[in-house]
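Below: the structure, in structure tokens.
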Amino acid sequence: MSIISKDGILKVLTAYNPWWKTGTVNPRMTKTYKRFAFYEAMKRLNNKDIRRIVVLTGTRRVGKTTIQYQMIEELLSAGVAPQKIVFISMDHPMLKLSQFQEVLECYHENIYADQDVYYFFDEVQYAQDWDRWLKTIYDTQPDTHVVATGSASPALMKGSQESGAGRWSIIQVPTLSFYEYCELLELERPEIPFDLKVTSLLNKTQIERTQIMIQLSKVQNHFMRYLQVGGFPELALADNDLMAQQIMREDVVDKVLKRDLPSLYRIRNSTELERIFLYLCNTSSQIVAIDAIAKELNGVSRVTVENYIQYLESANLIYQSWPIEMAGKKILKARPKIYIADAAIRNAVLMDESIMTDPIEMGKVVETAVYKHIAAFYYQFATAVGYFRGGKKNKEIDIVVDYPNIKNILIEVKYRDNASIPDDDAIVELCEESSVAIVVTKTIKDFGIHSTPSGKKMLRIPAFAFLYLLGNAERHGYRGIE
């Protein structure tokens, strides 16, 4: 008896597509809050002038599948016939083991014969020859629309560069921003201008800045919980934070390290991968040396470390931040800073209650959150987000945004009480070469303007306010800190 049959495939597809019978999507699958990526994906899907396959990528539990269900709900509301929409989870054992063609034939033979359909492929990278099939669909079925998700970015990126060149657009779905977290939990909203940008605070009067900060302080008390569990929609809504962190370890970390990556990259022993990830959790926001990691983890070769770091980045579990040249100053040998993709992941893995009260550890946590927000904010643009370390005194600036056609944006994280800015700080020394210089601080009393000896103005702003304003700008379509 064959393990896989057309009847079996049809039963799985029918279970995944209840709207074929009911005409609606189960509200529990669509949720009420829509991520920014939903609007971006719908804009690409509805574009009549430029046809593209839409590919959503991001780590587990960030809401990629929910976005697909929300898109299906939107299409049904717009009058698209239910049978013209098919959701196919390539992570399901039967569909994963089936041929792509078998699944599509089963759908067209039994549900809808024509090609003016909407395919929704979930975790598409698990399908054999997925990129070739998407290319074939795009080239031979001009009336077909496709939305796919995947948790392995490089696999998707590689497919995009090869089969997908000119055929599909990749939309990153990061973990929740602090602004999205506040919106998801329906917290009291700060009453601020919709077009308020971070740098516009430099030109406000002290009274205006104070009034804005009074409004932003409404969300201040929610910032610590956001850092602990807030990056993942379902977990952010949970009542039990300890349980949420346990689920994060099991679903976001363990499944990726022990199942997804070994399956995708044919890793025989996932223990070394886990050890490297744990090492990176401990050193998040620090410059790393491959040789040092190999030496610290006895028995792991340099090549293995390099490969596994690439795999972790491919699963959207880490970011690599590379040095950026400033004002012609010599930079150190190109070694990356590595950040865990979300501060909540790091906290869940380390399971150390003292992290949230240790000033040094909190500095790492907040810098990780700030980098995530900046990287997610700028990913669609020809922009490098890295760091600077070099010059005569080997100074460092935590985050540098190398923005096209304008001077760099400099961001320094000083998350501590009474965060002073010495005149010989790198950000002070190089702020003349920047368009904007921002110091992210801890407390409201540090909020304001800092003037350098040369008269250049720098903005000091608490982390919760800075991250909320970035989300506010993103929500209203303002692309760039400026």
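Here are some notes:
- Entry remark, region 433-476: residues being in contact (Cβ under 8 Å) with a residue 60 or more places away in the chain and either surrounded by fewer than 17 Cβ atoms within 10 Å (Cβ to Cβ) or assigned to a helix (DSSP H, G or I) (or both) number 19 in total.
- Residue check, LYS218 at pLDDT 95 or above and closer than 23 Å to LEU467 by Cα: yes
- Looking across region 408-433 at every residue that is modelled with pLDDT under 85 and in contact with a strand residue (DSSP E or B) (Cβ under 7 Å, 6 or more places away or on another chain), the one that is nearest to ILE374 (Cα to Cα) is identified as GLU433.
- Identity of the residue in region 59-104, acidic (Asp, Glu) and modelled with pLDDT of 95 or more, that ends up farthest from VAL256 (Cα to Cα): GLU74
- Only listed residue being in contact with a Leu (Cβ under 9 Å, 6 or more places away or on another chain), surrounded by 18 or more Cβ atoms within 10 Å (Cβ to Cβ), among the aromatic types (Phe, Trp, Tyr) and closer than 30 Å to MET90 by Cβ, chosen from PHE223, PHE232: PHE232
- The residues of region 204-235 that are in contact (Cβ under 8 Å) with a residue 40 or more places away in the chain, over 21 Å from ILE318 (Cβ atoms) and of a type in the set (A, V, I, L, M, F, W, C), listed by number, are MET213, LEU216, VAL219, PHE223, MET224.
- Restricting the search to helices (runs of 4 or more DSSP H) fully inside region 280-384 and requiring at least 3 residues that are within 26 Å of ALA426 (Cα to Cα) and not charged (D, E, K, R) gives 359-378.
- Of the residues TYR308, TYR319, TYR339, the single one that is more than 20 Å from MET248 (Cα to Cα) and buried (at least 19 other Cβ atoms within 10 Å of the Cβ) is TYR308.
- Candidates SER285, SER263, filtered to the one that is surrounded by 15 or more Cβ atoms within 10 Å (Cβ to Cβ) and hydroxyl-bearing (Ser, Thr, Tyr): SER285
- Annotation note: Cβ proximity below 6 Å between a residue of region 269-291 that is under 11 Å from ILE338 (Cβ atoms) and a residue that is part of a helix (DSSP H, G or I) and charged (D, E, K, R) (sequence gap 6+ or interchain) occurs for CYS281/ARG346; SER284/ARG346; SER284/LYS364; SER285/LYS364; SER285/GLU367; ILE290/ARG302; ILE290/GLU306.
Yes/no per residue for (1) assigned to a helix (DSSP H, G or I); (2) surrounded by fewer than 16 Cβ atoms within 10 Å (Cβ to Cβ):
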site: LEU187; (1), (2): no, yes
site: GLU208; (1), (2): yes, yes
site: GLN211; (1), (2): yes, yes
site: ILE214; (1), (2): yes, yes
site: VAL219; (1), (2): yes, no
site: VAL253; (1), (2): yes, no
site: ILE276; (1), (2): yes, no
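- Some residue of region 5-28 being within 30 Å of ALA375 (Cβ to Cβ), in a loop (DSSP other than H, G, I, E, B) and over 18 Å from the mean Cα position of the chain (by Cα): no
The values are calculated or read from the model by the stated rules, or taken from the named source; none is laboratory data. Keep in mind that this is a model prediction, so the values were computed, not measured. Neighbour counts run over all protein chains shown; Cβ positions are idealised from the backbone, glycine included.
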